[in-house]
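To start, the structure under review is shown below, and the notes come after it.
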Amino acid sequence: MKAAAVKGLKPGDPLADSLQRIVAVRLDEVCAFMPTAQDPGRVTELHDMRIAAKRLRYVLEICVDLFGPYAREAVTRTKALQDVLGEIHDCDVTLPQVAALAAEARAQDVEAVLEAAGGADDLAPEVLPAAPHAPAHRGLATMAVYLQARRELLFARFQALWLDLEREGFRARLQFAIGERPSRSHDDDMDAGAGVEPSADA
Amino acid sequence: MAKARAIESLHEELPFATGAALTVRTRTDELFAHAAGVLDTDDIERVHDMRVATRRLRAVLEVYADCFPKDEHKAVLKTVKTLADALGARRDPDVQLEDLQAFAKDLDDADRAGVELFAARVRAEQREGNAILAEALEAVERADLRGHLDALADAAEAAEAAA
């Protein structure tokens, strides 16, 4: 997923104002995946949301000290989001690999068993020990069950985390924090229209 | 995972390009500080740390893109991306093997053969990934990535001075 361009940034512009614009765009990119990513089947969107979270986190890491205190908290929250989406992605990658290996092992076993049967009219169960991967089938099936079940648990964790972020007003609080300039006086902030931090349910 | 280094002397009123130079220098140092021993498959955290450092550097190069000369920026970004991909080719099987180890710890004996069959395949991918990484590290050396990153930081400072 390509990051959205932030147009009009100029080398001579004040650093915090430029980074504020970039963070705002990266934050919008993360939030834009919801509610689509609430569907556990949206594998691509969940992966792209993870990339978007990663981009937001890495830009925030550069500049937390330039913004209000919630920016630092937002790094931790974004990392938690990135981590759970990463673990979901790992399951989404490994599960088809396990399924493919199981199918491959089964196909090789069928071939070996047929070869052991020679030109027989029917297949006698006695030839089954000729299957080289026979002992492996159960473990592969167990792995697939484990990965699928874990993926469901992780997805529930992701949903709960997103709900927490919404409840604590993650988006609004970060938008507010990147407009704050801690080194300026309170009066300056008020002049600049920074105002009062939004409440948690914003 | 290594924590991101703070960017010293960063201040809100600094010009954007000065921030770019300071940040690229810090993230470049971070990247090369994590380069030692990454081909050692017994210590997988080294690859992880270098991969994260590469991602952080890449993010910085994208964030400050407007402060760098276009062609040089594009070439450096391509080299960093190639390195990141190579680190991923090693890291992905590293993680899978670590997960498999944890998964197999309390497993029924009857399940072990299947897990081992999968693990053997992942170990082959890890060896392949390590070869890709070794090649990418040599390419980074040949391309003098560090020198080009320093040049980008210098160019950002010059752009600010000219602005």
Relative contact order for segment A:1-153: what percent, with Cα pairs under 8 Å and sequence separation of 6 or more? 19
For B:Lys105, go through the aspartates and glutamates and keep the ones whose alpha-carbon is under 15 Å away, minus same-chain ones fewer than eight residues off. B:Glu116
Please give every one of the lysines within straight-line cross-link reach of B:Lys81, meaning a C-alpha to C-alpha distance under 17 Å, and leave out same-chain neighbours fewer than 8 residues apart. A:Lys2, A:Lys54, B:Lys70
Using only helices, what value at 222 nm comes out for the protein assembly as shown when you add -39,500 (n - 2.57) per DSSP H run of length 4 or more and divide by the total residues, to the nearest 500 deg cm²/dmol? -25000 deg cm²/dmol
Could you work out the relative contact order of segment B:1-60, using alpha carbon pairs under 8 angstrom and six or more residues apart, expressed as a whole percent? 39
Counting pairs of Cα atoms in segment A:16-76, how many percent are more than 15 Å apart? 50
Near B:Lys74, which aspartates and glutamates are there with a Cα under 19 Å away, not counting those fewer than 8 places off in the same chain? B:Glu62, B:Asp66, B:Asp85, B:Glu141, B:Asp144, B:Asp150, B:Asp154, B:Glu157
So what's the projected area for the protein assembly as shown, the Cα convex hull averaged over all directions, in nm²? 22.5
If I take every Cα pair under 8 Å that is 6 or more residues apart in segment A:25-75, average their sequence separation and divide by the length, what percent do I get for the relative contact order? 33
When the chain is fully extended, how far beyond the present Cα-Cα distance does B:Asp150 get from B:Glu72, taking 0.36 nm per residue of separation? 26.9 nm
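Quick note: the coordinates plus some simple rules give every number you see, no bench work behind them. These numbers come from a predicted model, not from an experiment.
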